[in-house]
1. Could you tell me how many of the residues in the stretch 39-96 are within 19 Å of GLY19 (Cβ to Cβ), in a helix (DSSP H, G or I) and open to solvent by 100 Å² or more (accessible area, probe 1.4 Å)?
2. Out of the residues in the stretch 20-38 that are open to solvent by less than 60 Å² (accessible area, probe 1.4 Å) and assigned to a helix (DSSP H, G or I), which is nearest to GLN92 (Cα to Cα)?
3. Is one or more of the residues making up the stretch 41-55 acidic (Asp, Glu) and under 19 Å from the mean Cα position of the chain (by Cα)?
4. Hey, any hits in the stretch 37-60 for a residue that's in contact (Cβ under 8 Å) with a residue 24 or more places away in the chain and of a type in the set (Asp, Glu)?
Amino acid sequence: MSKDYQLRAAINQKLIEMGERERLKELLRAKLVECGWKDQLKAHCKDVIREKGLDHVTVEDLVTEVTPKGRALVPDSVKKELLQRIRAFLVQHAAM
């Protein structure tokens, strides 16, 4: 395993153990609803289904088509806030 992978795994484990991962997920959900991301992605899904036809689109097709757009639509401010909270958590719990 690479050091980068090990570090990511350790951070993820600490986030899970302390319950911070769930809090961050809830914050992300709320922020995405607040900024209209969820509605934009829902509309995009409907467009894709309309384009391909309900009988000709699978869940896998939809995920493949929608994922890049979904990631691109996440506002930078939301990404920055989550990163800032993760950094603050790591600084606060670095000695543990």
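The values are calculated or read from the model by the stated rules, or taken from the named source; none is laboratory data. Source: prediction; values computed, not measured. Quick reminder, even Gly has a Cβ in these numbers, built from the backbone with ideal geometry, and neighbours come from all protein chains shown. Surface areas here come from the heavy atoms of the whole protein model, side chains and all, with no ligands, DNA or RNA. Shrake-Rupley method; radii C 1.70, N 1.55, O 1.52, S 1.80 Å.
1. Of the residues in that region, 5 qualify.
2. Filtering the stretch 20-38 for residues that are open to solvent by less than 60 Å² (accessible area, probe 1.4 Å) and assigned to a helix (DSSP H, G or I), the one nearest to GLN92 (Cα to Cα) comes out as GLU20.
3. no
4. No.
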